[in-house]
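What follows is calculated from the coordinates using simple rules that are stated; it is not laboratory data. All values reported here derive from a predicted model rather than from experimental measurement. Don't worry about glycine lacking a Cβ; one is built from the backbone with ideal geometry, like all the others, and counts go over all protein chains shown.
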Amino acid sequence: MDASALNNPRLKAMIEEERTKAMANELLAKLTFLCWDKCVTGSVGSSFSRSETSCLSNCAKRFAEVKMMTMQRFTGRS
């Protein structure tokens, strides 16, 4: 690839899109690991118990809230 290709707006947009996808996948993996270990206490069957479902939902919401607050703090937004 030559240096002029790095200035191509389409290429930059594609790279940014792939970067965003990778960050989303990483976030989902962290969320799954954290909330699964915290909330799923019994053996895995065909469905989660009511308490596991509630815990997973709350864990995911809290994780998303903290992630957003952290991102806002680092980008200087309030």
According to a simple spin-label model (label point 7 Å from Cα along Cα-to-Cβ), what is the distance in nm between THR75 and LYS38? 2.3 nm
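Please state, rounded to one decimal and in Å, the Kirkwood hydrodynamic radius that the range 1-52 gives when every pair of distinct Cα atoms enters the mean of 1/r. Before the final figure, lay out the partial values.
Working: mean 1/r = 0.0698 Å⁻¹.
Radius from the Kirkwood sum: 14.3 Å.
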Could you state the angle between the C-alpha long axis of helix 50-75 and the longest principal axis of the C-alpha atoms of the chain, as a value from 0 to 90 degrees rounded to the nearest 10? 30 degrees
Cα long-axis angle, helix 9-39 against the chain (0 to 90 degrees, to the nearest 10): 20 degrees
